[in-house]
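A.B. asks: I'd like to ask some things about the structure below.
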Amino acid sequence: MSLHNSGYFSSTIPLNTAKATTPGAPESDVPVSQPTPLKRVVSGAALKELLAGGHSSSQPKTPSKEDGEFRDYSHSEIARDAATIKNSVVMHLAATFLRTPSNIDSAHAYLASAFSVRDRLLQRWNLTNEYHDKIGAKRVYYMSLEFLIGRTFDNALLALQLRDEYANVLGDVGFRLEDAIDEERDAALGNGGLGRLAACYVDSMACSNYPGWGYGLRYKYGMFQQQIINGYQVEAPDCWLDSPNPWELPRPDIAYPVKFYGHLVRDPEHEHRYKWESDVVYDAMAFDVPVPGYGTNNVGNIRLWSCKTNTLFDLNKFNAGDYQGATGGQVAAQILTDVLYPNDNTNEGKELRLRQEYLFCSATMQDILARFKKSGKPLSELPDMAAIQLNDTHPTLGIPEMMRLLLDEEGLKWDEAWDITTRTFAFTNHTVLPEAMEKWPVPMLDKILPRHMGIIYDINLYFLQSVEKKFPGDRELLRSISVIEESNPQQVRMAYLACVGSHKVNGVAAIHSDIIKQTIFKDFVRVQGADKFINKTNGVSPRRWVNECNPDMSELITEVVGDRSWVNDLSKIKVLEEKVDDKDFCKRWWDAKQKNKGRLAEYILSTTGIKVSPNALFDVQVKRIHEYKRQLMNILGVVYRYHRLKQMTQEERDKELHRVVIFAGKAAAGYWVAKQVIKLINSVAEVVNSDEEIGDVLKVVFIPDYSVTAAEYIIPASDISQHISTAGTEASGTSNMKFVLNGGIILGTVDGANIEIGEEIGEEQIFFFGCLAHEVEDFRHYLRFHQPKPDTALQTAFDMIQRNTFGDAHIFQPLIDAVMRGGDVYLLSVDFPSYIEAHKAVEAAYRQRDEWVTKSILSVSRMAKFSSDRAIQEYAEEIWNAEPVPVRGSII
Ligand SMILES: *Cc1c(COP(=O)(O)O)cnc(C)c1O
């Protein structure tokens, strides 16, 4: 049993004793439905009274947005002075962890501090949700099977503006804040960009005061830990919950039953109403993760579901001596929320994954409906009170689940239910890679979720009827647009289902949104109109990706802006542009980058044992390892560079620009080719780094276990970063934005958000190369029938590998074959010459230090568009029809 799951960590909130205290408002967010009857500590009448603000009245007043001081929380605020902070840390040491100030280590210094910070967040959490309930704010629900959150402690301290205070208090008891921060483990409930986007979006919703929640799953094991053994990736489980997690609150009172399998009984009175009889029922229980809003009282929430197993213990089997059988049901249930599937941009149609997705969708839909029903409004008003955004197709079962609840539980007619559903849901597409398209075999769905399969058939039937009406007799159109693919077995195309069930569909960068209109949704544009398909270019949070990860550069920005307001309003960084001619400022800008490089050099030394010089150019490619991202092209470029260096005299080599090529990233556990690329990178690194002739002229580093925390070290230290996907394959990318926001320059293809970054910062500030998206199909077609013709550089790199320069060439032959015999799907042979040329241009530019710094400052000053705050505002205005609702009161 793990302690932190069991409500052992009570928290006592020390209030400012100089002021009068009021009991905190009871949490108003309770489900209406079964199965766990809520044990109220206060009577219904007393609860009403409390919610009304302490005044006796039979009718609680409903405040409006114009209603000024409906409740003043300042008197119940936890005081912000050093003594109170110290008291609460010491109190948590004793009452939560059974320690005393004379008996602590940095782990407990972190935990006690974190719990005391959490007290403040939870207080604001209550305030925020009560306020939004009371004024009847429209809520936004961001459904994502992944949230790549990373650490929270530093983020929360910055948001609450208590970082210095905590540094002092920890200093008093003999600890450095940095060491306490380093004790925290990443919450890595995601694979890469898609999961990190969800985390940035809930951050932005909280900071911009939108009433938004994330919904996800609480995996017991997050993204696996990557070890590099003998150059190969080896996966180890991520037991992130082994130590107490201050950033979640178990909610055993909030749980919903989720059914699987069974059979249907039709209601003779209603055409579309069924009773679903199932003997496999699991309980999904909520864990709430508070999301600190920077400089605001609003605290967001991510509600994560975990399978509850205690009711599944079979006492009869136990009493009969069948101990394994007694816990068998628990084990089967537990597995559902045990592990995150480690695939990024690849679909792995495992049955367990389908059951995960359904548990997630069912619990979330029940919770959203329960919260809505507390408003007392008719269901037809759900779309006015709730917007649901699907982060890729993984939560698409939310659509048939909403239909099921409205039809079977609420007794609505089909047309009413469908109207409500489609006006509530919107869908974000994240990829066009065919291997990533989510499809589920009809027989599998029919077995696990018989009711949903029936609903999907009906959704498709009515949809195809509408198509037939508009385009009579076009059977080819019907076949191609059908939600059911007529393969053997039949498959449900989840992207089509998500599209049919949503009122808006968006891509994540301009080029990507155009491509999906011309490819997977081409027929839908014809049938449903072009207006439904829109673009929402991704963004990243300036809180985490500038202010938190790059304190020195942030200080410089703050100095120029005049205050820290840019952290919540990135448009303010425009003024940096005025500083490009200020010699002293440019030097400090350069020095900040050098300091970050020094910090990364230490990190590299401690994680890999490799010594690198901060005076070299840091050339970085960190992201998931995937063929379309072309880490292979990068390492082949390194091999070619190594070859050239070996051809030179020592005198010539001495004139070369020193370079550290840095890689990091995980490969999906079952993705063999990607894992071979990791092996090649490490094999090249071993040879190059130990070549004394080469010395510091070239170093190659693979940093193991890429994560949000690793990214926060790596990104602020890059001079150049590579975003070199085959044109048309990277939907957006978000690390490209993070790098430029931290003063790095991009070497990239004309793909994803690189294009818009170039438009914003100016083409002088970015190094583009490679073929264009509209040329890709022709090249691929040609290469299906013709051998690629590698240029001499690429051929040289292949030759060097095949001469066993980096160990047994057999290991790497499949990588070469993929280019030379496998049709070169990712067009390495096409783009390699221009890639090498682009590197030369980068090198020449880096040698002009003044101009390089100008590029860096200009780039940062023009990056406001890529704040996730901008993205969220666009979603709110153009998809969700939701408004910011700043919580009144005066805590900050
Ligand atoms: C931002 C981020 C990503 C996404 O990187 P891309 O280069 O855009 O694919 C992946 N992983 C982590 C840890 C990140 O922070």
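Here, each number is a calculation from the coordinates, and none is a lab measurement. Note that the structure is a prediction, hence the values are computed from the model and not measured. For neighbour counting, all protein chains shown are included, and Cβ atoms are generated from backbone atoms with ideal geometry for every residue, glycine included.
A.B. asks: Find how much the distance from residue 462 to residue 673 grows on full extension, using 0.36 nm per residue of separation minus their present alpha carbon separation; answer in nm with one decimal.
C.D. replies: Separation in residues times 0.36 nm, less the Cα-Cα distance, equals 71.7 nm.
A.B. asks: Compactness ratio of region 592-680: Cα Rg over 2.2 N^0.38 Å, N = residue count?
C.D. replies: Cα-based Rg divided by the globular estimate yields 1.24.
A.B. asks: Can I get the semi-axes of region 534-609's equivalent ellipsoid? Compute them from the C-alpha gyration tensor as square roots of 5 times the eigenvalues, in angstrom, largest first.
C.D. replies: 25, 20, 11
A.B. asks: Moving to a separate point now. Could you tell me what fraction of 2.2 N^0.38 Å the Cα radius of gyration of the chain comes to, as a two-decimal ratio?
C.D. replies: 0.97
A.B. asks: Note the per residue figure in Å³ for the convex hull of the C-alpha positions in region 180-220.
C.D. replies: 103
A.B. asks: Between residue 522 and residue 415, what length in nm is gained on full extension when 0.36 nm per residue of separation is reduced by their alpha carbon distance?
C.D. replies: 35.9 nm
A.B. asks: Further question on the same structure: Compute the distance from the alpha-carbon center of region 173-252 to that of region 733-759, in whole Å.
C.D. replies: Their Cα centres are 25 Å away from one another.
A.B. asks: Separate question: Using the Cβ atoms and a cut-off under 11 Å, what net charge is assigned to the surroundings of residue 628, where Lys and Arg are +1 and Asp and Glu are -1?
C.D. replies: Once positives and negatives cancel, what remains is -1.
A.B. asks: Here is a follow-up. Hey, what's the per residue convex hull volume over the C-alpha atoms of region 411-500, in cubic angstrom?
C.D. replies: That works out to 121 Å³ per residue.
A.B. asks: Which entries of 317/374; 579/646; 350/470; 413/517; 220/532; 597/655 have Cα-Cα distances beyond 30 Å here?
C.D. replies: Violating the 30 Å Cα-Cα cut-off are 317/374; 579/646; 350/470; 413/517; 220/532.
A.B. asks: State the extension gain, in nm to one decimal, for the chain segment bounded by residue 844 and residue 164, taking 0.36 nm per residue of separation less the distance between their alpha-carbons.
C.D. replies: Gain on stretching residue 844 to residue 164: 240.6 nm.
A.B. asks: Could you give the nm distance between label points at residue 324 and residue 79, where each point is 7 Å from its Cα heading toward the beta carbon?
C.D. replies: About 6.1 nm separates the two model spin labels.
A.B. asks: What is the calculated FRET efficiency for residue 575 to residue 785, with r their C-beta to C-beta distance and R₀ = 60 Å, to the nearest 0.05?
C.D. replies: 0.60
A.B. asks: Now for a different question. If I model a spin label at residue 808 and residue 435 as a point 7 Å from the Cα along the Cα→Cβ vector, what separation in nanometres do I get?
C.D. replies: So the label points at residue 808 and residue 435 sit 2.4 nm apart.
A.B. asks: Between Rg and the Kirkwood Rh of region 314-353, both from Cα atoms, what is the Rg to Rh ratio?
C.D. replies: Reported Rg/Rh (Cα atoms, Kirkwood Rh): 1.25.
A.B. asks: Mind putting a number on the dipole of region 582-681 about its Cα centre? Charges go on the C-beta only, +1 for Lys and Arg and -1 for Asp and Glu, and I need it in Debye to the nearest 20.
C.D. replies: So the magnitude is around 340 debye.
A.B. asks: In square nanometres, what is the average projected area of the Cα convex hull of region 188-310?
C.D. replies: With every direction weighted equally, the projected area is 12.8 nm².
A.B. asks: Give the Cα extents of region 721-763 along the principal axes, in whole Å, largest first.
C.D. replies: 25, 17, 14 Å, listed from the longest principal axis down.
A.B. asks: Over region 349-431, consider all pairs of different Cα atoms and compute the Kirkwood hydrodynamic radius from their mean reciprocal separation; express it in Å, one decimal.
C.D. replies: 13.2
A.B. asks: Hey, got a sec? Which chymotrypsin sites (Phe, Trp or Tyr not before Pro) in region 138-246 land in a DSSP loop and have at most 11 other Cβ atoms within 10 Å?
C.D. replies: none
A.B. asks: If you average the C-alpha positions of region 564-585 and of region 818-858 separately, how far apart do those two centres end up, in angstrom?
C.D. replies: A separation of 29 Å, based on Cα centres.
A.B. asks: Provide, as a two-decimal number, the C-alpha radius of gyration of region 427-577 over 2.2 N^0.38 Å, N being how many residues it has.
C.D. replies: 1.49
A.B. asks: A follow-up question, please. Note down the net charge around residue 212, summing +1 for each Lys or Arg and -1 for each Asp or Glu among other residues with Cβ under 12 Å from its Cβ.
C.D. replies: +1
A.B. asks: What FRET efficiency would be calculated for the residue pair residue 232, residue 650, taking the C-beta separation as r and a Förster radius of 22 Å, to the nearest 0.05?
C.D. replies: Computed FRET efficiency for residue 232 and residue 650: 0.05.
A.B. asks: With Rg and the Kirkwood Rh both taken from Cα atoms, where does Rg over Rh land for region 762-844?
C.D. replies: So for region 762-844, dividing Rg by the Kirkwood Rh gives 1.03.
A.B. asks: I would also like to ask the following. What's the magnitude of the charge dipole for the chain around its Cα centre, counting Lys and Arg as +1 and Asp and Glu as -1 at the beta-carbon? Answer in Debye, nearest 20.
C.D. replies: In total the dipole reaches around 940 debye.
A.B. asks: Here's something else I'd like to know. Let me know the longest stretch in the chain that avoids all trypsin sites (Lys or Arg not before Pro) found in a DSSP loop with at most 14 other C-beta atoms within 10 Å.
C.D. replies: Looking at the chain, 414-610 is the longest stretch - no exposed trypsin sites (Lys or Arg not before Pro) with at most 14 other Cβ atoms within 10 Å.
A.B. asks: Further question: On a 21 Å Cα-Cα criterion, which of the cross-link pairs 138/373; 447/469; 377/504 come out too long?
C.D. replies: Over 21 Å apart, Cα to Cα: 447/469; 377/504.
A.B. asks: What base-10 log of the normalised intensity I(q)/I(0) is obtained for region 82-192 from the Debye formula, alpha carbons as equal point scatterers, at q = 0.13, 0.17 Å⁻¹?
C.D. replies: Those come out to -0.59, -0.88, one per q.
A.B. asks: Give me D for region 710-817 in µm² s⁻¹, whole number, from Stokes-Einstein with Rh from the Kirkwood sum over alpha-carbon pairs, 10 °C and 1.306 mPa s.
C.D. replies: Approximately 98 µm²/s, per Stokes-Einstein.
A.B. asks: Hey, how much of the P(r) for region 160-245 falls beyond 17 Å, as a percent of Cα pairs?
C.D. replies: More than 17 Å apart: 68 percent of the Cα pairs in region 160-245.
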